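Beneath this line is the structure, given in structure tokens, with notes to follow.
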Amino acid sequence: MGVATLLAVMAGVVLGGAAAAWLFRAALVALSRGALRRSLRGAPLTACFGMLVIALYLGVAILAPLLAPYGERAVVTVQFAPWSADHWLGSDHLGRDMASRLIYGARNTVGIALATTALAFMVGTTLGLWAAVVGGWLDGALSRAVDVLMAIPSLIFALLLLTIFGTSILTLVLVIAAVDATRVYRIARAVAQGIVVMDYIEAARLRGEGGARLIFREVLPNAAAPLVAEFGLRFCFVFLAISALSFLGLGIQPPTADWGSMVRENATLITFGDVTPLLPAGAIALLTVAVNFVVDWQLHRASGLRE
Amino acid sequence: MRQIAVMVGQRLALGLLTLLAISILIFGATELLPGDFAEAVLGQSATPETVAAIRRQLGLDQPFWVRYWAWLSGALQGDFGASLANPDRRVADMIGVRFGNTLFLAGYAAAMAVPLALGLGILAALWRNSVFDRGVNAGALTAISFPEFFVAYVLILWLGQSGWFPTMARVPAGVEMSERLWRTFLPALTLTLVVTAHMMRMTRAAIINLLASPYIEMARLKGVSPLGVITRHALPNAIAPIANVVAINMAYLITGVVVVEVVFVYPGLGQLIVDSVSRRDIAVVQAVALIFAAAYVLLNLAADVVSTLSNPRLLHPR
Amino acid sequence: MSSLIGKGLSRRGLLQGASALGASALILPAGLRPARATPQRGGTLRLGLGHGSTSDGLDPALWDQVFVQMLGACLHNYLTVVAADGTLEAEVAESWEASADAATWTFKLRDGVRFHDGARVTAADVAASINHHRGEDSESAAKPIIAPIVEITTDGDDVVIFRLEAGNADFPFIMSDYHLPILPAADGRVNPDAGIGCGPYTLQTFDPGVEATFARFDDYWKDGHAHFDAIALYAIIDAAARQNALMSGEVDVIDRVSLNTVHLLERAPGVKLISVPGTQHYVFPMDSRADPFTDNNIRLAMKYAFDREELVRTILNGYGVVGNDHPIGRSNRFHADDLEQRMYDPDRARFHLREAGVDTLRVQLSAAEAAFNGAVDAAVLVSESAARAGITVDVVREPNDGYWSNVWMQKPFVASYWGGRPTEDWMFSTGYASGATWNETFWEHERFNEMLLQARSELDEALRAEMYAEMQAIVRDEGATVIPVFANYVMAASDRVMTPEVIGANTTLDGFRAIERWWFA
């Protein structure tokens, strides 16, 4: 493919995305009321594109059994079948329908990533803010404990834990969440440390505020922006963690379809210029970009900048 | 500055405690792993007798604390013991060259990634919401959402198979620096692509987070140029989170690159520790884990020093 | 692509072996052989191997995978060696002779074989090299196969005598096992970590898990062998990295070609595939002591529920043949050719379920890539084909790490593999005999065990063929292992690499001897 064709295709994709995003925004604005409507009207096209993609993914995830032409695990044709009317995206290395696996993959992957990231943020943020607000020995003890855990490389840590506890989806979620929570803790604490020395926190303390109220009412709102930015990235790191673990022979139990493992299963094809592994990788990338576009929009609103 | 010195001193002492805690944790975790060195090394050909013979010879039949104590007393005297797999090879010798390789690759990738990430982050903050901002963001996010091995394979397809760069990043002893840089370019580029997005986005977010502050408004009203506002007024106050995220990514470059090492056949520490874990070769696991931990502790200390210096309020707690 | 097929193993001349080196070339009339360039000397052969670990060492007792096996072939010679055509050739031994009961074996050593340090190979070296694997404190993986040796004595510098606890007509084959190279001894003991042998190449550098390099040993005794000036072995674990290294010319030969993409590699310019059907087979052993596998009808139902042709087509991408639930390969001498091939038959499976008194069956199948490449995928395919027979197979993906100690021979139904053995007796007595260490199904069969002993010391070839045929039928119909496929050894090489017409089928890389049998055009 020539460079010109490539550029034309990219321009087409961008234009198509923008058009879809514009329509989606118009639809949202028409359907909403009040403050929500005002903020949606001001939303940039990228954010709308992001919301559109997320909505599509959620729809696909929820309706997977209705949308998928074949079963998640059914071997329906020869391996590496080309794209055709029967098998829109061809088949994988076992002859399972690629499109169906991608659709079921949305359900499994997004579900697992969401659960893991939410868990990691609940634990990490709470502990991080708590440590920064209370300070003293608690901060010291928590930070040292997290230092110890973080100083063990995450892949090695996960390898050890998963080998000890086995690889069910639950342990996978817990282990990756535990690894991620330490990273979230550090960011949350670092951000909050800059906040707790501010005068308004002093004032709140003098008012007698403390504990949970101080953390969630005073510190958290002001620490939200970097944490939201972190959330957008952590979310996609879960796919990558699963993918890297499957590189080491751990990861999700087959025949469950998840994008991280699907990239790994088909990855060798890419060195021959075959695009099959691009499909699950592209699905991950699109979702990551979409989530972070929305995050950027919220970040921008939270910063209070008016431009 | 005295506070800084005291802080560094305290943190280094704490760092040693961290290392001690890690050594117990790793030793214990390796102990909890099903199977031991004798079973792992024999694999499918293990028989009860040979397993027992190996355990006896290597002292693996001793209780946990006895073995840990033997290891610790050796380590305190600077002797990390011998590999279980190769009793003739001291762990220190096994690790030496690989540690150098790991540091080299991490340094190479960081030298490309950090300036790139900071530069792009500042420009994205400056031209926020522009096409440039969106484009850089989308590009960085796309790069980061591909698994490392996938990025590596794509680079091999484009840059390796055409013969521009070698796909095996072996570095024979005594090659020249330029040759070395050329041979390890693909793994370094892979790692750059993997870590840049995270740092770039944090830079952008941290700066934008400050732009609504009154003092920035003040500077802007004084007529400082937009670039000046960001570099002279916003950036200094955004250093703490940036330094933190840079430290995390530098630590990752040292400790987390086993997948890239495997794909490019690069002899670094990551492959060594994974092999050693699966062989339950505890002396090697311990030594590498401690190196990783020390790298992590030092990088974080550096980040905290930079953060403290950048925020006088942290320097003079009330 | 050129597909080169190894011939069957033959034990011709085994009982009274002679120096058979070059014999096959002499037997074949020159006119029948296609014209082939005579081997050229020179060049450095760079091999990209799919194994290699930082914990690899020089001690042959602990060797376990291809990287160290190739290292052994470079550095060392053995008493005997399996030739490319499957016959047993003399190597360090010049000839051997058995007593009438096949329980005492006398090996006469070849004159003029030297170690890399210049010392002559003597009977004392041979005795010490084998003794390294025996005894109470032995850590050797070869300990079980040489356990029947009761005593090793020497007679002068040239004669070694092995006394066995019982007759074994195949004993010289055992001496070709890769764990048993001949090392230099001092005071009756070998130094296994010295890296000195009497093989075709001397060790230059060894960085475990990374690479090993060798230079040709100038005093190597074999003529017309060891054509390369130097050898480099690289450990390239990742299958895609291995292919890339070959395609970009950074290595000359790779093993363990990823069968997922082999159809694409075939088309790559300057690359040829080398596929050798051998004795390697993938197995799914069921624990015959554990319910429900105690019932032979359940085991038969499982055997009929495997779609063997689909497994060959998908998991092996066509590079293999279907198995018949016994471990003897088609290339083996006593392979039972007229035994009916078992095929996928869901109705037969249901029939056997009914015979066992059940309508449906639910079992767990544990697998990991450690068992063989594609084991997890194979298990998934099996669960699909078994579902059509009313059998629910729940695939459990186990970690690669610790697979052989925690899963294999621990869980009731797992994936596993065998490299195969050059003789029927060796194969059966290692994996199927009552009480054998690696009897992975814990299977006990009185008639089978009796015949195994009889056949081992039987000297009449026709009678042995009959016995081994019956044993194959017993394993097929009453054994507890599903053996759905025999997998080829699939390697790839650059066009410059030339190979002999017949490539060894007993292991990968021409019986590990690619380093001395192959050459550059």
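The values are calculated or read from the model by the stated rules, or taken from the named source; none is laboratory data. Keep in mind the model is a prediction, meaning the values are calculated, not measured. Methodologically, a virtual Cβ is constructed for each residue, glycine included, from the backbone with ideal geometry; neighbour enumeration extends over all protein chains shown.
Taken residue by residue, region A:180-188 has no member that is within 11 Å of another protein chain (Cβ to nearest Cβ), more than 21 Å from the chain's Cα centre (by Cα) and at negative phi. Cβ-Cβ contacts under 9 Å between residues 6 or more apart (or on different chains), taken from a first residue in region B:287-307 that is farther than 23 Å from B:Val91 by Cβ to a second residue that is in a helix (DSSP H, G or I) and among the basic types (Lys, Arg), are listed as B:Asn300/A:Arg186; B:Asn300/B:Arg11; B:Leu301/B:Arg11; B:Asp304/B:Arg11; B:Val305/B:Arg11.
The residues of region B:153-169 that are within 7 Å of chain C (Cβ to nearest Cβ), out of contact with any Asp or Glu (no Cβ under 8 Å at 6 or more places or on another chain) and either in a loop (DSSP other than H, G, I, E, B) or of a type in the set (S, T, N, Q) (or both), listed by number, are B:Gln161, B:Gly163. Filtered by the rule that a residue be surrounded by fewer than 24 Cβ atoms within 10 Å (Cβ to Cβ) and of a type in the set (A, V, I, L, M, F, W, C), region C:51-61 gives a lone residue, C:Ala61.
Looking across region C:315-350, the residues that are under 23 Å from the mean Cα position of the chain (by Cα) and of a type in the set (S, T, N, Q) come down to C:Asn317, C:Asn324, C:Ser331, C:Asn332. Of all residues in region A:226-249, those that are of a type in the set (Val, Ile, Thr) have Cβ atoms under 6 Å from Cβ atoms of residues that are at pLDDT below 80 and not in a helix (DSSP H, G or I), 6 or more apart or on another chain, in A:Ile242/A:Gly251.
Which residue, of C:Leu273, C:Leu264, C:Leu246, is within 14 Å of chain A (Cβ to nearest Cβ), on the phi < 0 side of the Ramachandran plot and under 25 Å from the mean Cα position of the chain (by Cα)?
Testing whether each residue is within 14 Å of chain A (Cβ to nearest Cβ), on the phi < 0 side of the Ramachandran plot and under 25 Å from the mean Cα position of the chain (by Cα) leaves just C:Leu246.
In region B:10-124, counting only helices (runs of 4 or more DSSP H) that sit wholly within it, the ones holding 2 or more residues that are away from every other protein chain (no Cβ under 14 Å), surrounded by fewer than 20 Cβ atoms within 10 Å (Cβ to Cβ) and modelled with pLDDT of 80 or more span B:64-76.
Considering region A:57-114, the residues that are within 14 Å of chain C (Cβ to nearest Cβ) and of a type in the set (A, V, I, L, M, F, W, C) include one that is farthest from the chain's Cα centre (by Cα), namely A:Val78.
Filter region B:126-152 down to residues that are within 11 Å of another protein chain (Cβ to nearest Cβ) and among the aromatic types (Phe, Trp, Tyr) and give me whichever is nearest to A:Gln298 (Cα to Cα). That would be B:Phe146.
Taken over region A:278-297, the criterion of being free of Cβ contacts under 8 Å to residues at least 24 places away in the same chain and either facing another protein chain (nearest Cβ under 7 Å) or within 12 Å of the chain's Cα centre (by Cα) (or both) is satisfied by A:Ala281, A:Ala285.
Exactly one residue out of B:Thr231, B:Thr255, B:Thr203 is within 22 Å of the chain's Cα centre (by Cα), of a type outside the set (A, V, I, L, M, F, W, C) and more than 10 Å from every other protein chain (Cβ to nearest Cβ): that is B:Thr203.
If C:Glu458 meets every condition in (1) free of Cβ contacts under 8 Å to residues at least 40 places away in the same chain; (2) surrounded by 14 or more Cβ atoms within 10 Å (Cβ to Cβ); (3) not aromatic (Phe, Trp, Tyr) apart from one, which number is that one? Checking C:Glu458 against (1) free of Cβ contacts under 8 Å to residues at least 40 places away in the same chain; (2) surrounded by 14 or more Cβ atoms within 10 Å (Cβ to Cβ); (3) not aromatic (Phe, Trp, Tyr), the one that fails is (1). If you scan region B:254-308, which residues turn out to be in contact with a Lys or Arg (Cβ under 6 Å, 6 or more places away or on another chain) and either assigned to a helix (DSSP H, G or I) or closer than 29 Å to B:Leu12 by Cβ (or both)? The answer is B:Gly268, B:Leu269, B:Leu272, B:Leu301. Of the residues making up region C:445-457, not a single one is under 21 Å from the mean Cα position of the chain (by Cα), closer than 30 Å to C:Ala73 by Cβ and at pLDDT 90 or above.
Among the conditions (1) touching a strand residue (DSSP E or B) at 6+ places or on another chain (Cβ under 8 Å); (2) within 30 Å of B:Leu32 (Cβ to Cβ); (3) surrounded by 23 or more Cβ atoms within 10 Å (Cβ to Cβ), C:Gln364 misses just one, which is (3).
Set side by side, the residues B:Pro236, B:Pro172 differ, and just one is in a helix (DSSP H, G or I), loosely packed, with under 15 Cβ neighbours inside 10 Å and more than 10 Å from chain A (Cβ to nearest Cβ), which is B:Pro236. Pairs are defined by a Cβ separation below 7 Å, a sequence spacing of at least 6 or placement on different chains, a first member in region A:145-166 that is more than 8 Å from every other protein chain (Cβ to nearest Cβ), and a second member that is not hydrophobic (A, V, I, L, M, F, W, C); the pairs so defined are A:Val146/A:Thr182; A:Val146/A:Tyr185; A:Val146/A:Arg186; A:Leu149/A:Thr182; A:Phe165/A:Thr171. In region C:499-517 there is no residue matching the filter, namely being within 20 Å of the chain's Cα centre (by Cα), under 24 Å from C:Val283 (Cβ atoms), not assigned by TED's automatic domain parsing to the domain that holds C:Leu164 and not β-branched (Val, Ile, Thr).
Of all the listed residues (A:Arg101, A:Arg38, A:Arg73, A:Arg25), the sole one being in a helix (DSSP H, G or I), under 30 Å from C:Val262 (Cα atoms) and either in contact with a Lys or Arg (Cβ under 9 Å, 6 or more places away or on another chain) or not assigned by TED's automatic domain parsing to the domain that holds A:Thr268 (or both) is A:Arg101.
Only residues that are hydroxyl-bearing (Ser, Thr, Tyr) and either outside the structural domain of C:Phe413 (by TED's automatic domain parsing) or free of Cβ contacts under 8 Å to residues at least 12 places away in the same chain (or both) were counted across region C:350-380, and they come to 0.
Scanning region C:367-398 for residues that are assigned to a strand (DSSP E or B) and not acidic (Asp, Glu), which turns out surrounded by the most Cβ atoms within 10 Å (Cβ to Cβ)? Working first, answer last.
At the first step, the residues of region C:367-398 found to be assigned to a strand (DSSP E or B) are C:367, C:391-397.
So of that shortlist, the ones also not acidic (Asp, Glu) come out as C:367, C:391-393, C:395-397.
Working: C:Ala367: 28, C:Ile391: 24, C:Thr392: 12, C:Val393: 23, C:Val395: 23, C:Val396: 21, C:Arg397: 24.
Selected residue: C:Ala367.
Considering every residue within region C:94-102, establish whether at least one is surrounded by fewer than 24 Cβ atoms within 10 Å (Cβ to Cβ), aliphatic (A, V, I, L, M), modelled with pLDDT under 90 and more than 19 Å from C:Ser176 (Cβ to Cβ). Yes. Restricting attention to region C:359-394 and to residues that are at pLDDT below 90 and under 24 Å from C:Asp477 (Cβ atoms), the residue that is farthest from the other protein chains (Cβ to nearest Cβ) turns out to be C:Asp359. Looking at C:Gly72, C:Gly31, C:Gly48 in this structure, which one is among the small types (Gly, Ala, Ser), surrounded by fewer than 24 Cβ atoms within 10 Å (Cβ to Cβ) and modelled with pLDDT of 85 or more? Matching residue, one of C:Gly72, C:Gly31, C:Gly48: C:Gly72. Residues in region C:220-243 that are within 23 Å of the chain's Cα centre (by Cα) and either β-branched (Val, Ile, Thr) or more than 22 Å from C:Gly374 (Cα to Cα) (or both): C:His225, C:Ala226, C:Ile231, C:Ala232, C:Leu233, C:Tyr234, C:Ile236, C:Ile237.
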